[in-house]
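Engineer: Please see the structure below; I have some questions.
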Amino acid sequence: MNPTTLLAAAALLAAPLSTGAARAQAVSLHARTAGDLAEMCSANPRDATGPARLNYCDGFAQGAVDVLFQHISTKPFCIPPGTKREVTLHEFATWVRAVPSRESDAATTGLFHFLAERYPCK
């Protein structure tokens, strides 16, 4: 492929990406507390930033669990196969809101306490 054709193809591929990025709403997401994370996990997917908040919640939870399991020998919770992550994270948000003092726990502390309570190892 000659350089002109390659440049034209790159421009055609980049055009939809740049147009979509221009329409996307910038959002800064941070989950320092369990309350912050619960807010992300219960975002409305139809809101402008809802999908980003839900994706952040998903990624945060998966990353936290993966790191925990890499550094311990005995699992504090056992999530059954087939468990739907979005359902579990919605339950987490409800659990946090049920006891207001949980909202100020560190995000990972709250998440791990919930998971240990919800999915104890037998």
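Here, each number is a calculation from the coordinates, and none is a lab measurement. Remember, predicted model here, so these are calculated numbers, not experimental data. Don't worry about glycine lacking a Cβ; one is built from the backbone with ideal geometry, like all the others, and counts go over all protein chains shown.
Engineer: Show me 42-51, 77-86 ranked by packing, highest mean number of other Cβ atoms within 10 Å first.
Structural biologist: Averaged packing, sorted descending, gives the order 42-51, 77-86.
Engineer: Which far-off residues, 5 or more places away or on another chain, put their amide H under 5 Å from the one on T33, with H placed in the peptide plane?
Structural biologist: Under 5 Å from the amide H of T33: A107.
Engineer: Return the ratio Rg/(2.2 N^0.38 Å) for segment 32-118, where Rg is computed over Cα atoms only.
Structural biologist: 1.05
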